[in-house]
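Comments concern the structure below.
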Amino acid sequence: MGLRKPPLYDVHADAGATFTEFGGWDMPVEYDSIKAEHAAVRESVGIFDVSHMSELEVSGPDATALMQRLTTNDVTALDPGDSQYSAIVNDEGVIIDDTVVYRLPDRDDRVYLFIPNAGHDEEMYDRWTSYRDEWDLDATVEDVTEDWAMFAVQGPGALGTVSEAAPDASPDDLSKFQATFADVAGVECWVARTGYTGEDGFEILCPWDDAETVWSALDATPCGLGSRDTLRLEMGFLLSGQDFDPETEPRTPYEAGIGFVVKLDTQFVGRDALEQQQEAGIDETFVGVTLLDRGVPRHGYDIATEDGDVIGVVTSGTMSPTLSEPIGLGYVPVEYAADGTNVSILVRGREKRAEIVTPPFIDQ
Amino acid sequence: MFEIPDDRKYLESHEWTTTESDTARIGISDFAQDELGDVVFVELPEEGDELSAGDEFGVIESIKAVSDLYAPISGTVTAVNEDLFDAPELVNDDPYGDGWMFEIEPSDADEFDSLLSPEEYREQTE
C-alpha cells in the first residue's frame, strides 16, 4: 500500500525537506537541520505540517454520550470553543491512543472534533461507530482526516505570526486549549491555542484544498517531525505507539503519568479497570532519565539498577538540542522513580550511568 | 553536489581514508554527514587498538539515526580526534578537515588499492 501524502507534499519537497514514514504517511522529517528547527521553536517561531494527524467529527443528539463513554476525560466540561486532552482506553484501561477533543460551535446539537494520532483514523471510526450501534445512540461519526490540513505554529513568536495572518481570530484572547473559527488569509480555519512543544502556540485546521494559501500566510521557520520529536521529548510528552502502545507497550493513563485526564466520576469503557488500579496503586511509572556518561538513550534500551539488574526500558530518547544532554523517557518500578535516583542505561550492551529526572527536562 | 576530494579513497559505507603509507587519516564523507543530519555523538577506537579492514571501529549518532563505522584499512590506531567528544558537530561542519576521526599506521599499504576511487565513490552517491 502506498503512503498517504499531506496536501503540501510538493511544497515541502521543493523547500528541500527530507521525508520519513510515520503512521502510514510520508511526512517531512527535516528541512535543513533538526537542531536549527528545534531552536527556532524554542527561541522564535516554527511551523509544522501535521496533516497526518487524524480528525473525526461527532454530531447528533447523542454525540455527547458517545464521546463521554469512549474517552476518559469529562466532555460535559467543554463549552463551544473549549478543548481538552484525553485518552482512549480499552476494557482493561490500557491506552489505545491519546487525543485532543474540541467542542465545535453547536449545530442543532453539540458537535465534537477529536484528533487521534496519525494512522488511527480508521480504527477510531470503527470503534466509534460500532459502540454507537451497540449502545443504540443517535450520533453521526465522520472521518474527516482528509478534509482538514493541520499546521502547528509554535514558539514565543507564534502569537505575533498568527495575529498577523488571522487578526479576526483575536488570537491574544484565546486562552490555552481555547479555539475558534476565524479567517486566515481569506480561508475559514479552526484556530486553537494548543500544541505539542511546550511553547506557546496554535494549531490551525484548514480545508485540505486551501492548505497552501494558509501555510504561505504564516510567517515561521518550516519544521519537520524530527524537531517535533525532540521538542516533545524535552517536555516529557507521550508519543503514541512508542511511549504507549496497546500491543508493544500496554500502559494505563496512571502508569503513563496522565492520570489527570481520567475522570472516574464519568462512565467510559475501561473505567472500572482504572478505578481498581487507582485504588490498588501502580507498580511501574513513566519517568525521565538523563545520561551522565557519553551516549544517547534510544527506544528499546534497557534501564538497570547501579548493580546491573534490568528494571525497565527506554521508550523514547535523544540528545536534547536545548540542553546538549542525552535524555530519555521510559518506565521503571515506582521505588526507582524518585528524582535523582541513580540507574544505568544499557547502550549497545555497555552500562552508562544515568539519573532519574521528572520531566519536563527544561524550565518552561 | 557533495564534496569528494581527489586526494583520498572511499568505502561503500561512506568512510574516507588518506593514503599515506606511514600514517593515514580516516573520517566520513560529506554525503554521509548530510544523510545523517546533526551529529550528536561519536564513539571512536582508542590509541593502540589494532583494526582489520572492514572492522567496526565505532558508532556515529545523529538526532535521528545510529550508524556503525567501518575501518577502510588494517593497522594500529595512532591518534584519535578527541575534539569530536565535545564537538561532534565538527563532522557536519568539516567532514574532511576538523571532523576527522582517527589516524592509523597501515599494516598493509596494498589495501589502499582495493578501495573506491573518488570517481567510483561519486558514482555510488549519484
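When A:T305, A:T252, A:T266, A:T322 are checked against the criterion of being within 25 Å of A:F48 (Cα to Cα) and among the β-branched types (V, I, T), a single residue qualifies: A:T322. Screening A:P250 on (1) of a type outside the set (D, E); (2) closer than 30 Å to A:I311 by Cα; (3) surrounded by 18 or more Cβ atoms within 10 Å (Cβ to Cβ) shows it passes everything except condition (3). From the list A:L238, A:L231, the one residue that fits, being within 13 Å of the chain's Cα centre (by Cα), in a loop (DSSP other than H, G, I, E, B), closer than 27 Å to A:H38 by Cα and of a type in the set (A, V, I, L, M), is A:L238.
When restricted to residues that are in a strand (DSSP E or B), more than 12 Å from chain B (Cβ to nearest Cβ) and within 30 Å of A:A36 (Cβ to Cβ), region A:276-324 contains 8.
Of all the numbered requirements in (1) modelled with pLDDT under 95; (2) in contact with an Asp or Glu (Cβ under 7 Å, 6 or more places away or on another chain); (3) of a type outside the set (D, E, K, R), A:V269 misses one, and that requirement is (1). Of the numbered criteria (1) within 14 Å of chain B (Cβ to nearest Cβ); (2) surrounded by fewer than 19 Cβ atoms within 10 Å (Cβ to Cβ), the one A:G340 fails is (1).
Quick check: is even one residue across region A:193-206 hydroxyl-bearing (S, T, Y) and within 14 Å of chain B (Cβ to nearest Cβ)? The answer is no, given that none of the residues of region A:193-206 is hydroxyl-bearing (S, T, Y) and within 14 Å of chain B (Cβ to nearest Cβ). Filtered by the rule that a residue be under 20 Å from the mean Cα position of the chain (by Cα), part of a strand (DSSP E or B) and not aromatic (F, W, Y), region A:325-364 gives A:I327, A:G328, A:L329, A:G330. With respect to the conditions (1) out of contact with any Lys or Arg (no Cβ under 6 Å at 6 or more places or on another chain); (2) touching a residue at least 24 places away in the same chain (Cβ under 8 Å); (3) of a type in the set (G, A, S), A:A63 lacks only one, and its number is (1).
Each residue in region B:28-45 was checked for being part of a loop (DSSP other than H, G, I, E, B) and within 14 Å of chain A (Cβ to nearest Cβ), and 3 of them qualify.
Please find, among A:R298, A:R353, the residue that is at pLDDT 95 or above, on the phi < 0 side of the Ramachandran plot and touching a Ser or Thr at 6+ places or on another chain (Cβ under 7 Å).
The match here is A:R353.
Taken over region B:48-73, the criterion of being out of contact with any helix residue (DSSP H, G or I) (no Cβ under 6 Å at 6 or more places or on another chain) and polar (S, T, N, Q) is satisfied by B:S52, B:S67.
All of B:V77, B:V66, B:V42, B:V59 fail the test of being buried (at least 19 other Cβ atoms within 10 Å of the Cβ) and more than 24 Å from B:A109 (Cα to Cα), apart from B:V42.
Looking for whichever is surrounded by fewer than 24 Cβ atoms within 10 Å (Cβ to Cβ), touching a strand residue (DSSP E or B) at 6+ places or on another chain (Cβ under 7 Å) and under 24 Å from A:I258 (Cβ atoms) here; the options are A:R193, A:R232. Which one fits? Just one listed residue meets the conditions, A:R193. Any idea which residue in region A:1-27 is surrounded by the fewest Cβ atoms within 10 Å (Cβ to Cβ), counting only those that are in contact with a Leu (Cβ under 7 Å, 6 or more places away or on another chain) and not hydrophobic (A, V, I, L, M, F, W, C)? Only one residue tops the list, namely A:E21. What about A:E234, is it among the charged types (D, E, K, R) and away from chain B (no Cβ under 14 Å)? In short, no.
One residue stands out among those in region B:58-77 that are within 14 Å of chain A (Cβ to nearest Cβ) and among the hydroxyl-bearing types (S, T, Y): the one that is nearest to A:R350 (Cα to Cα), which is B:S67. Among residues of region A:214-228 being more than 14 Å from every other protein chain (Cβ to nearest Cβ) and part of a loop (DSSP other than H, G, I, E, B), the one that is surrounded by the fewest Cβ atoms within 10 Å (Cβ to Cβ) is A:D219. Meeting the requirement of 3 or more residues that are away from chain B (no Cβ under 14 Å), at negative phi and at pLDDT 95 or above, the strands (runs of 3 or more DSSP E) wholly within region A:1-77 are A:46-49, A:56-59.
The values are calculated or read from the model by the stated rules, or taken from the named source; none is laboratory data. Everything quoted here is computed from the prediction, not taken from an experiment. Neighbour counts are summed over all protein chains in view; Cβ atoms, including those assigned to glycine, are modelled from backbone coordinates with ideal geometry.
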